[in-house]
Amino acid sequence: MSREGLYINCYERVFSEHPFAFFSILIGGRGTGKSFSTLRDCVKNKKVFMYLRRTQTELDNCCSASSNPFKKINSMYNWDIQLQANKDNVIILDKKNEKLVGYAAALSTFGKFRGADFSDVEVIIFDEFINTTPFNNIKNEANMLFNLIETVNRNRELDGDEPVKVILLSNANTIDSDIIRALKLGEVIKNMKEQGLEDYEDHERGLYLSLLSDTGIRELKSQTSLYKLTRGTAFYDMSINNEFTVDYFGDTRKLNYQEFTPLCGFKGIYFYKHKSKQLIYVTKRKANCQIYEDYQKDKFLRDYGFMIKNYIVANLIIYSDYDLKLDVLNMV
């Protein structure tokens with residue numbers, strides 16, 4: 001096997017192996033070829049693409065020579081592809097052939113482009129879509145992404161054209177992403193990890209999700225200096241073993257409702273308190289209790305927020321599925 005064949009080819013997975021997918025999420029270890037293969041093969045196959053990052057700062061960094069996402073590709077293939085910031089946008093140019101190959105944008109600032117024409121864009125590549133820091137949070141991030149897709153896709157399907165392909169790439173840092181929460185994929189990913197599954201398909205939604213497996217590069221990387229040093233750490237598990245080291249799945253399971261009494265509800269999420277133990281059970285099962293609507297969030301937090309936070313800190317909450325856990329953690 002050639003050295004190149006050891007890396008993951010995300011482009012091939014999306015376009016050749018799962019062509020039905022409109023929306024693809026590929027999560028894997030660091031340095032395994034996710035961005036490299038997707039960007040390289042979009043250029044090779046002459047697919048005009050939009051390269052998307054979460055924040056304007058990330059995008060600005062990509063416009064520098066040192067952080068150009070094509071730096072390694074240029075070196076290996078003798079290309080000269082650069083991100084060029086203009087007054088109103090960022091374009092991606094093949095300098096050798098004087099040809100536009102794509103655009104680049106930041107999700108946090110994309111709203112200003114809503115009237116722009118991106119009808120030539122065939123693929124949206126959202127690189128490092130999961131936030132890895134305790135800051136840089138973007139309010140309503142999922143809706144911002146969906147609005148961006150609407151701006152790029154427009155009515156091309158109504159006109160008989162193929163929809164834009166959307167590809168999200170990330171390392172396995174955490175499941176706690178606004179996009180994953182919005183699409184209700186937390187429980188799906190939890191089940192995939194527990195059952196050792198790599199791929200998930202939802203043909204009705206046009207959705208493909210992959211927890212990328214080892215193609216040979218993992219073993220080689222594990223023998224390099226950094227990973228010899230960090231073996232046994234959370235960093236190693238995330239980078240090499242594709243583990244969501246920030247997330248804990250042990251507090252999600254089904255419990256007997258007869259042991260609980262309803263406490264309160266908020267936006268379709270219900271909290272039950274155990275009749276004899278210090279334990280709260282969170283579920284979607286409706287109950288006869290105080291129910292708060294979305295506009296009453298402040299009142300809900302005043303009445304129950306402190307109590308629920310204390311139970312979370314003390315590990316005294318059980319969730320009926322992982323999507324509910326993510327919702328609650330981002331609620332209080």
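A few points about this structure:
- Tally of residues being surrounded by 13 or more Cβ atoms within 10 Å (Cβ to Cβ) and either touching a residue at least 24 places away in the same chain (Cβ under 8 Å) or assigned to a strand (DSSP E or B) (or both) across segment 246-260: 8
- Taking the numbered list (1) surrounded by 15 or more Cβ atoms within 10 Å (Cβ to Cβ); (2) in contact (Cβ under 8 Å) with a residue 24 or more places away in the chain; (3) touching a strand residue (DSSP E or B) at 6+ places or on another chain (Cβ under 8 Å) in turn, Tyr7 passes all entries but (3).
- Qualifying strands (runs of 3 or more DSSP E) (wholly inside segment 121-227; at least 3 residues being open to solvent by 50 Å² or more (accessible area, probe 1.4 Å)): 199-202
- Test for Thr109: is it more than 19 Å from Lys44 (Cβ to Cβ) and open to solvent by 30 Å² or more (accessible area, probe 1.4 Å): yes
- Subset tally (residues that are assigned to a helix (DSSP H, G or I), open to solvent by 10 Å² or more (accessible area, probe 1.4 Å) and at pLDDT 95 or above) for segment 36-50: 4
- Scan segment 117-136 for residues that are without any contact (Cβ under 8 Å) to a residue 60 or more places away in the chain and of a type outside the set (A, V, I, L, M, F, W, C) and the total you get is 5.
- Here segment 170-212 is the region considered, the condition is being touching a residue at least 40 places away in the same chain (Cβ under 8 Å) and among the polar types (S, T, N, Q), and the residue that is farthest from Tyr7 (Cα to Cα) is Ser177.
- Selection from segment 222-258 of residues that are among the charged types (D, E, K, R) and modelled with pLDDT under 70: Asp237, Glu243
- Applying the condition of being more than 20 Å from Leu197 (Cα to Cα) and in a loop (DSSP other than H, G, I, E, B) to segment 10-32 and asking which residue is most open to solvent (accessible area, probe 1.4 Å) yields Phe22.
- Residue in segment 293-312 that is under 14 Å from Gly268 (Cα atoms), over 26 Å from the mean Cα position of the chain (by Cα) and not in a helix (DSSP H, G or I) present: yes
- Residues in segment 51-105 that are outside any strand (DSSP E or B), in contact (Cβ under 8 Å) with a residue 40 or more places away in the chain, open to solvent by less than 50 Å² (accessible area, probe 1.4 Å) and not aliphatic (A, V, I, L, M): Arg54, Thr55, Glu58, Cys62, Cys63, Pro69.
The values are calculated or read from the model by the stated rules, or taken from the named source; none is laboratory data. It should be emphasised that the depicted structure is a prediction, and the values quoted were computed from it without experimental measurement. Every residue, glycine among them, receives a Cβ derived from its backbone with ideal geometry; neighbour counts consider all protein chains shown. Accessible surface areas use protein heavy atoms only, side chains included; no ligands, DNA or RNA. Shrake-Rupley method; radii C 1.70, N 1.55, O 1.52, S 1.80 Å.
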